């Protein structure tokens, strides 16, 4: 090999660098960005409050409820073949007491993160994985939502605790819980709710994004 043939690709690597990982930033709350996010409530139920705040030396999204419920979400079609791994961080203020979380009366969680496939006018085809921070159900538990069987509740954290960083293979979760392969989702939503048991709750969310790797990036 001539020196020139060896030098050209080497220089290209130095200029371009190694291949960048695919990443889709959804909520860059640390930068104060909530473009494309909006609150959506439910009929006759007061809405929870979502606001960017400073906590533990960084900017995060705070959600709080007072006998209320609403989601804070963004609609965006995301290619799961390229970026199947959902990353986020969160912390809760406290758990809820005396709830059976598998029932309608106990369907309240200190924090939730939804990954949604929108069925459009064919609403029966809508599906959602609902990653929850539970008060009593153990990590790894899963069951159909008592109000909507098209949504699966998946416990990622349980009990009290500080900041936790999560990563989920969304494609694998849809395959496991709905026995279906999907190449996309249509949106992500966060939720803090306490309307069914009539209490109060508060949680904080860090940046949320999807990538092609389970390894955290910054």
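When residue 81 is tested against (1) within 30 Å of residue 183 (Cβ to Cβ); (2) crowded, with 20+ Cβ neighbours inside 10 Å, just one condition goes unmet, and that condition is (2).
Which residue, of 106, 41, is touching a residue at least 24 places away in the same chain (Cβ under 8 Å) and crowded, with 16+ Cβ neighbours inside 10 Å? Full working, then the answer.
On the way: 41 fails: crowded, with 16+ Cβ neighbours inside 10 Å.
Result of the check over 106, 41: 106.
When the range 84-99 is limited to residues that are part of a loop (DSSP other than H, G, I, E, B) and over 30 Å from residue 183 (Cβ atoms), the one that is farthest from the chain's Cα centre (by Cα) turns out to be 98. Going by what's in this entry, would residue 167 be described as in contact with a helix residue (DSSP H, G or I) (Cβ under 7 Å, 6 or more places away or on another chain), closer than 29 Å to residue 30 by Cα and part of a strand (DSSP E or B)? Against the criterion (in contact with a helix residue (DSSP H, G or I) (Cβ under 7 Å, 6 or more places away or on another chain), closer than 29 Å to residue 30 by Cα and part of a strand (DSSP E or B)), residue 167 does not qualify. Total residues in the range 145-176 satisfying the condition of being touching a strand residue (DSSP E or B) at 6+ places or on another chain (Cβ under 6 Å) and under 21 Å from residue 106 (Cα atoms): the figure is 10.
I'd like to check something: does the range 119-126 contain any residue that is at pLDDT 95 or above and in contact with a strand residue (DSSP E or B) (Cβ under 7 Å, 6 or more places away or on another chain)? Reasoning before the result, please.
Residues of the range 119-126 that are at pLDDT 95 or above, as a first pass: none.
Scanning the range 119-126, I find no residue that is at pLDDT 95 or above and in contact with a strand residue (DSSP E or B) (Cβ under 7 Å, 6 or more places away or on another chain), so the answer is no.
Scan the range 68-78 and give yes if some residue there is within 15 Å of the chain's Cα centre (by Cα) and either more than 21 Å from residue 128 (Cα to Cα) or surrounded by fewer than 13 Cβ atoms within 10 Å (Cβ to Cβ) (or both), otherwise no. Taking every residue of the range 68-78 in turn, at least one turns out to be within 15 Å of the chain's Cα centre (by Cα) and either more than 21 Å from residue 128 (Cα to Cα) or surrounded by fewer than 13 Cβ atoms within 10 Å (Cβ to Cβ) (or both).
Within the range 50-67, not a single residue is farther than 29 Å from residue 216 by Cβ, surrounded by 13 or more Cβ atoms within 10 Å (Cβ to Cβ) and either touching a helix residue (DSSP H, G or I) at 6+ places or on another chain (Cβ under 7 Å) or without any contact (Cβ under 8 Å) to a residue 60 or more places away in the chain (or both). Checked against the criterion of being under 27 Å from residue 62 (Cβ atoms), assigned to a loop (DSSP other than H, G, I, E, B) and at pLDDT 95 or above, the candidates 139, 132 yield just one match: 139.
Would you call residue 162 surrounded by fewer than 20 Cβ atoms within 10 Å (Cβ to Cβ), within 18 Å of the chain's Cα centre (by Cα), in a loop (DSSP other than H, G, I, E, B) and modelled with pLDDT of 95 or more? Please lay out each step first, then the result.
On the way: surrounded by fewer than 20 Cβ atoms within 10 Å (Cβ to Cβ): yes; within 18 Å of the chain's Cα centre (by Cα): yes; in a loop (DSSP other than H, G, I, E, B): yes; modelled with pLDDT of 95 or more: no.
Taking the combined requirement at face value, the residue does not satisfy it.
If you take just the strands (runs of 3 or more DSSP E) that sit entirely in the range 172-211, which of them hold at least 3 residues that are surrounded by fewer than 20 Cβ atoms within 10 Å (Cβ to Cβ)?
Working: elements: 184-191, 200-205, 208-211.
Those strands (runs of 3 or more DSSP E) span 184-191.
The values are calculated or read from the model by the stated rules, or taken from the named source; none is laboratory data. What you see is a predicted model, and the numbers here were worked out from it, not measured in a lab. So basically every Cβ, Gly included, is an ideal-geometry build from the backbone, and we count neighbours across all protein chains shown.
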